[in-house]
Structure formats: structure tokens, C-alpha cells
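Single-structure report; data block below.
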Amino acid sequence: NAGRNKAHRHTPNLTMATGSAERLVETTLEAARNELTRGLGGLLDRDVPVWSDRGGQVPDGAVVVGTRDSSTVVRRYVSARDLASVGAEGYLIRSVSRGRHEVTVIAANTDVGALYGTFAFLRHLQTQRPIANLNISGSPKVEHRHLNYWETERLYAGNDELGDGGLGGETGAIFNFAATGASAHLNLPVILDRYIVAARALASVGITGITINNVNANPVYLTRAYIQQEAALADALRPYGIRLAVSANYAAPLDQRFAPDTLTREQLDPTSTEFQGWWNRRARELQAAIPDFIGFTVKANSEGQPGPQDHGKDHGDGANGLAAAVAPLGMTIFWRTFVYNPDVDTDRLKRAYLEFAPIDDEPQPDGTRGRFADNVFLQTKNGPLDFQAREPIHPMFGRMENTNQAIELQITQEYTGQGTMLTYLGPMWEEVLTTDTYATDRQGRLLDKRRVGNIVDGSAQGHRDTAVVGVANLGNADNLTGHHFSQANLFAFGRLAWDWTLDAEDIATDWVRMTWNNRDDVVETIVAMMMGSWEALVSYQTPLGIGHQFEFSNPADHYGPGPSVWFGNDDWSPVHYNKADSVGLGYDRSPTGSDLAAQYFPTLAAKYGDIDTVPENLMMWFHHVPWDHRMRSGRIFWDELVHRYQMGVQYVTGMRHTWDALEPYLDARRFAEVRAKLAKHEADAADWRDTCVNYWQEFSGRPVPVDGGPLS
Ligand code: GCW
């Protein structure tokens with residue numbers, strides 16, 4: 001990409017706000033070299049000399065990193081042909097020997113590939129794998145591995161909730177654009193050391209881009225003053241292979257901060273030259289300051305955000321209008337499909353598919369199908385509701401054959417325990433990405449590769465443009481994520497975005513070795529604890545496929561239980577989703593109900609639509625289950641339901657005991673911080689169990705089986 005390696009510096013200094021030893025680097029290879037000297041120095045506990053490759057004999061034991069262009073050693077030991085197999089961002093790590101000299105070569109086709117290889121090598125050492133005779137290769141399955149950053153909305157890692165080093169006046173957000181008071185002098189373009197900490201962390205798991213502002217977008221991010229700030233940030237992150245995007249508010253052209261360059265409401269028609277011209281001017285300003293700017297993420301006609309439907313046009317027109325404006329600049333539009341206009345269908349879960357599928361399928365004048373432009377991605381949440389702890393896959397996966405489709409996962413734990421509950425999300429994402437869509441071609445023949453991961457990485461339907469997006473959990477806490485274990489989610493997201501076929505347990509094992517301790521017994525214990533934590537959360541919050549059951553009371557919204565609540569709007573209300581009555585519990589989306597099931601490919605439609613074949617863990621997403629329905633365990637549904645709540649809480653109690661026993665092996669501070677969180681976690685999990693079971697019992701009228709903890 002033009003300018004990717006050019007430095008456009010807007011600020012000369014790094015400001016040490018938290019006292020970590022960061023420095024600004026100009027190039028990606030410099031970043032890689034820093035990581036090596038720092039990483040090896042840390043692991044070996046001594047200074048590591050840096051040898052500059054100007055030809056001549058390589059010192060014995062050296063680690064050489066680079067491309068065939070940048071390094072004579074790489075040129076000597078790694079053929080162009082071998083390198084071709086790992087693609088633009090992949091790497092090869094090899095032990096080579098010449099006479100009595102042993103050298104480790106980290107080779108790639110590009111500088112960023114070399115950086116990823118460096119991190120892979122360090123991970124290899126940190127996890128104490130054997131380092132003799134290395135022959136490792138890696139390359140990503142998906143090209144765009146992005147974070148969406150919602151600033152302070154749904155942020156649980158801000159303002160240093162662990163109590164160390166928070167800066168007064170800051171919001172808790174990782175990037176300072178508009179801090180006030182005592183922290184105002186720390187606003188961008190000043191580069192805070194934590195931005196470099198984040199860049200290093202994100203590069204270490206292969207993140208390639210960040211949309212820096214909330215999708216409920218404030219147009220201020222498109223103003224000149226902010227673009228200058230963004231450019232400084234982009235410069236600091238560029239060496240780490242991380243590019244920027246901005247969330248665009250569809251109606252930004254009305255905003256007086258752009259005067260005299262504003263539009264009238266009539267001119268917001270996405271097909272108009274005025275609308276496209278306005279966005280083209282903004283995009284050009286952005287590109288002038290940030291040559292490798294990615295493009296825009298758009299939430300339109302969703303939860304009160306403006307969009308093309310306010311002007312009589314549909315999502316295709318809207319996405320394409322913006323896409324046309326930025327296409328000449330090589331930019332991309334990430335158009336979100338999180339829409340639920342009540343006029344479309346009474347069942348919220350069916351609405352996105354109903355709005356987007358016809359546009360994807362629309363015959364075009366040139367004989368092809370699908371109206372969405374080539375530089376549009378439809379960005380779709382993993383499930384059809386809203387990041388609940390377990391949802392069925394979104395029916396759109398596999399159904400958007402003619403459109404680029406990105407999956408959106410939520411790393412920040414809005415519905416999965418926020419900053420309090422220890423919930424490792426790797427297994428959830430593994431479950432989502434490996435779910436079989438049973439996608440067929442137009443003739444109804446099953447595709448060979450048809451898991452959600454295949455749809456996303458393009459291998460199912462031959463898409464070349466591919467993207468995975470995670471809603472980030474980055475805050476200004478020292479450890480970036482607040483809860484120490486939330487870091488594992490950021491790590492797992494990056495690893496799975498790189499290669500969705502990786503195993504969530506292997507990822508957890510690496511993370512524990514790199515983060516806590518390398519003793520096998522300790523590693524096994526922590527990994528085992530993590531691996532069951534998500535299923536436990538599902539059990540004590542929303543077992544057996546019961547939908548959204550959260551209370552909504554600022555600021556703790558979407559944390560605690562609220563099964564009896566109606567918020568004055570069906571789309572947000574627990575009672576609407578649970579449909580508790582004297583017959584049973586759950587939302588009928590089978591053919592006798594809303595028939596969401598029919599939006600899936602036929603095999604899944606049949607499986608989900610029948611109460612006898614639906615997976616029990618998704619049961620109440622699709623069926624109103626009678627209290628005495630016989631479950632696979634032999635228990636009746638009511639007993640099974642209560643059992644799940646009890647098991648979930650017991651698991652958390654188990655985690656607390658396990659953690660206590662690990663005290664001798666962990667550093668005191670982090671041990672205590674996690675311990676305190678687990679105590680609250682256990683109490684809050686019990687609150688979920690008691691609130692829900694007591695409420696369901698009003699309908700079931702059955703006694704509570706006593707195989708678990710007390711129900712107060
Ligand atoms: O999960 C919901 C969140 C909103 C969010 C919205 C979305 C940024 O509660 O905070 O808005 O989804 O994804 O647009």
C-alpha cells in the first residue's frame with residue numbers, strides 16, 4: 001500500500017504517562033528488531049547484542065529477521081519459492097547451520113510478515129517449546145483482522161479499574177481525543193506510551209486495523225482537527241501493521257462543524273452526486289493525512305442511527321453510495337447488518353436477513369447477481385440477536401453468496417460478565433466458526449467447505465476479500481483489558497481471526513504459559529478452569545437457549561438478571577424473549593411460530609425447527625418448551641433447567657477454590673486481583689440462578705430439585 005512504510009510524523013515524542021519503557025519506531029523491521037532484543041533479553045535475562053547485516057559471517061547463535069530484500073542472510077537460506085507459499089503476511093522460521101554456526105532465520109515476503117514471524121518465534125520460546133531444528137511456517141486465512149472500538153460504550157477496562165496509574169480527567173478510553181482538565185495536554189497528537197503497548201500487543205496477534213470510534217458515530221471524527229489527531233495515531237501504529245478506519249455517521253453532511261461544506265436533508269439521498277461528492281471530499285482529506293486509511297464502518301438505520309431508509313432508499317443504495325464515493329481512493333465500506341426495523345417482521349431475529357438477502361440476490365444488468373459493490377463488506381454479528389452468550393449462528397452466513405461478508409464478534413464482555421466474570425470466550429468463537437451451515441449451491445447441492453469459518457475465509461464460496469471484526473475491550477487500564485483474564489479473549493480473538501481452525505484450548509494454553517506460569521500442572525489447572533468458564537456462564541445466565549434475560553439499569557446494564565422485566569419495547573425485553581407461561585418457556589421460532597428456522601439452509605432448518613432434533617443448548621431459541629418435556633438426560637425440562645443454573649454456579653465456586661490453591665505459583669498482586677473478582681463473580685452468578693429460578697417457578701409451579709447450591 002502506498003505510504004505504508006513511509007513515516008508521516010506529526011509528533012516527535014512519546015509521552016510516558018504510565019512509566020513503561022516504550023519507544024516510537026519508524027519502520028516495521030525496527031519494530032521487529034525491538035521485539036527480539038526486548039523479548040530475548042527478558043527471557044534470557046541478559047542484553048542481547050544486535051548485529052547489523054552488512055554481509056560477512058553471521059555470528060553463531062544469531063537470530064536473523066527480514067525479507068529477501070532486506071537481508072543477505074535470508075536471501076542465502078530461504079528460497080523465493082519457499083517464501084511464496086506463505087503469502088504476503090506469512091512467515092517461515094528455520095534453524096540453519098553453516099559449518100559450526102547455527103542461525104535462526106525468521107523470513108517473510110514483507111516487513112509485516114517478518115514482524116508476525118518475530119512474534120511467533122517469541123511465543124514459541126515463551127511457551128517453552130523445543131528450539132532445535134526449527135521449521136515453522138504460518139500465514140493468515142483471513143486478510144482483514146480488525147477491531148471496532150466503541151470508545152467508552154461497553155468498556156470495562158477503563159480509568160484503570162484495577163486502581164493503578166489511572167490518569168485524572170480521562171474517560172477510560174484507550175485513545176485520548178478529548179480528555180479535559182488535568183489530562184487535556186495528553187490528547188492526541190501526543191502519543192501516549194500505552195498506544196505503543198497496545199500496538200505491540202495487537203501486532204503480536206496479527207490485528208491489521210482499528211475503527212477508532214463508536215459505531216454510534218460522532219461526526220467530529222471527520223473534522224480537520226480530529227483528522228490531524230488521527231494521523232498522529234496512524235503514524236504511531238503503522239510500523240506495527242495496524243491501519244485506521246473511522247465509523248461514519250450517515251447524516252454527517254448535515255453537521256455544522258463542516259460548514260460551509262454541508263448538505264441539506266434532501267441531498268442525503270445516497271445515489272445523489274452531492275452525497276457521494278461530500279463523502280469523497282472527506283475521504284480525500286483523510287487519505288491526504290493518512291495514506292493507508294482503510295475506509296468507513298457504518299451503522300445505519302439501526303437503533304436510531306440515520307441511514308438511507310430515511311430518504312426512501314435501501315441498505316444496498318446506502319452502502320453503494322458510500323462505496324462509490326471512496327472506491328477511487330481504494331477504500332472499503334464495512335456496512336453493519338445489525339438492523340431490526342419492527343416493520344419488517346414481528347420476530348427481531350428474522351429482520352436482517354429479510355432486508356439484506358434480496359439485495360444480495362438481485363439480478364444485475366450484466367447478468368450477475370447481487371447489488372452490493374465490490375468494496376463493500378456486510379459486517380454481521382455471529383448470531384441473529386445481539387452477542388448473547390450462546391446464540392445460533394446468524395442465518396446470513398452462507399446466504400450472502402454475492403457479497404463480501406465479515407463476521408463481527410464481541411470481545412468486550414457486554415453480555416458475558418463485563419469486567420467482573422472470568423469468562424474465556426475462545427470456546428464460544430470456536431463453536432461459532434466451526435458450525436456447519438449446511439450451505440448449498442443454487443442447485444441445492446451441499447458445498448464441500450461450508451462451516452462458518454469457511455464462509456468467512458472465502459473458501460466456501462470463492463470470496464477473495466475476507467474480514468473478521470472484533471468489538472474491542474481495550475481501555476486505559478495498565479493491562480489494557482481490566483480483568484486479567486479478559487486479555488485471554490483479546491489474544492484468542494487475534495489468533496482465531498488469523499486462523500479460525502486453531503483450537504481454543506491450545507490458544508488458552510499458550511496464553512497461560514505466556515501470562516502466568518510455565519509449570520505444567522499450573523498451566524493445566526488454569527486452562528481447565530478457563531475452558532469451562534463460558535459454558536458455566538451460559539448455564540447460570542441463559543441455559544438451554546433462553547434468549548436475552550438482562551436487566552437494564554445504568555451503569556450496570558446488561559450485567560445482572562431481569563427475567564420479569566418489560567422495558568416498554570418488545571425488542572429489548574426479557575419477558576418478550578422468555579415467553580414464560582404455565583405451559584413452558586422459550587420462543588417458538590419453529591414452523592408453528594415465527595419460523596426463523598426456515599432462514600437457515602434446509603438441513604439446519606429441519607434440525608432447528610423440530611423440538612426433537614434441535615440441539616438442547618439452543619432449544620429455547622426455537623421452541624416454547626413444555627415444563628415436562630423429556631430431555632436427553634432423562635430429566636424433565638424443568639428439572640434440567642434448574643440443574644443447569646445450579647451447575648453453572650457450582651462451577652464458579654470451583655474456580656474460586658482452584659484459584660486459591662494456585663496462590664504459591666502466581667505473583668501476589670495479580671493473584672489477589674483475580675481472587676477478588678472471583679468472589680464477586682460467584683455471588684453474582686448465584687444471583688442469576690436465584691432470580692431466574694424463582695421467577696420461572698411462578699409459572700412452572702413445580703418444586704425446585706435440590707442437587708445444587710441453595711436458592712435463597
Ligand atoms: O449490543 C448492542 C449494544 C450497543 C451497541 C449495539 C450495536 C454500539 O448494547 O451498545 O451499540 O449493540 O452493536 O450497534
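Farthest toward the positive end of the dipole of the chain, out of 463, 487, 125, is the Cα of 125, where the dipole comes from beta carbon charges about the Cα centre. For a straight C-alpha distance cut-off of 28 angstrom, the lysines reachable from residue 381 (same-chain residues fewer than eight places away being disregarded) are 141, 299, 313, 350, 449, 579, 607. Summed over qualifying helices (DSSP H, 4 residues or more, each -39500 (n - 2.57)) and divided by its residue number, the chain shows a 222 nm mean residue ellipticity of -11000 deg cm²/dmol. Take every pair of alpha-carbon atoms less than 8 Å apart whose residues are at least six positions apart; their mean separation over the length of the chain yields a relative contact order of 11 percent. Annotation: the chain has a Kirkwood hydrodynamic radius of 26.8 angstrom, from the mean reciprocal C-alpha pair distance. Couplings 3J(HN,Hα) of the stretch 249-256, computed from phi: 8, 3, 9, 3, x, 7, 6, 5 Hz, in residue order, whole Hz [Karplus 6.51 cos²θ - 1.76 cosθ + 1.60, θ = phi - 60°; x for Gly and Pro]. Each of the peptides 139-151, 589-601 was scored by the mean count of other Cβ atoms within 10 Å over its residues; in descending order, highest first, they stand as 139-151, 589-601. With the Cα gyration tensor of the stretch 51-138 giving a ≥ b ≥ c as the square roots of its eigenvalues, does the rule (a/c under 1.5 for rounded; else a/b larger than b/c for prolate; else oblate) give rounded, prolate or oblate? Oblate, since a/c reaches 1.5 and b/c is not below a/b.
Considering only beta bridges that DSSP places wholly inside the chain, some 35 percent are antiparallel. Looking at the square roots a ≥ b ≥ c of the eigenvalues of the Cα gyration tensor of the stretch 245-330, which shape do they give, rounded for a/c under 1.5, prolate if a/b is larger than b/c, or oblate? Prolate. By the count of other C-beta atoms within 10 Å, a proxy for reagent exposure, 638, 688 are ordered fewest to most as 688, 638. Converting phi to 3J(HN,Hα) with the Karplus coefficients 6.51, -1.76 and 1.60 and the offset θ = phi - 60°, the stretch 568-575 yields x, 7, 4, 5, 10, 9, x, 5 Hz in sequence order, with x at every glycine or proline. Using DSSP, restrict attention to beta bridges with both residues in the stretch 51-138 and report what percent are antiparallel, rounded to the nearest 5. DSSP beta bridges in the stretch 51-138 are roughly 70 percent antiparallel.
Label sites at residue 101 and residue 69, each approximated as a point 7 angstrom past Cα along Cα to Cβ, lie 2.5 nm apart. Net charge dipole, the chain: roughly 2120 debye, given to the nearest 20, about the Cα centre with Cβ charges of +1 for Lys and Arg and -1 for Asp and Glu. Per-peptide packing, taken as the mean over residues of other Cβ atoms within 10 Å, places 198-206, 111-119, 300-308 in the sequence 111-119, 198-206, 300-308 from highest down. Phi angles of the stretch 224-240 translate, via the Karplus equation with coefficients 6.51, -1.76, 1.60 and θ = phi - 60°, into HN-Hα couplings of 4, 4, 6, 4, 4, 5, 5, 5, 5, 5, 4, 4, 5, 8, 3, x, 8 Hz per residue; Gly and Pro are given as x. Close amide-amide hydrogen proximity is noted between residue 243 and 209, 210, each under 5 Å apart and 5 or more residues distant or on a separate chain (H modeled in the peptide plane; Pro and chain starts excluded). For residue 192, the amide hydrogen comes within under 5 Å of the amide hydrogens of 15, counting only partners 5 or more places away or on other chains and with H modelled in the peptide plane. Counting only DSSP beta bridges with both residues in the stretch 144-515, the antiparallel share comes to about 10 percent.
How would you classify the stretch 144-515 from its alpha-carbon gyration tensor, with a ≥ b ≥ c the square roots of the eigenvalues: rounded for a/c under 1.5, else prolate if a/b is greater than b/c, otherwise oblate? Because a/c hits 1.5 or more and a/b fails to exceed b/c, the stretch 144-515 counts as oblate.
All of the numbers you see were taken from the coordinates with simple rules; none came from a lab. Since we're looking at a predicted model, the values are computed, not measured. Here the Cβ is made from the backbone with ideal geometry for all residues, glycine too, and neighbour counts use every protein chain on show.
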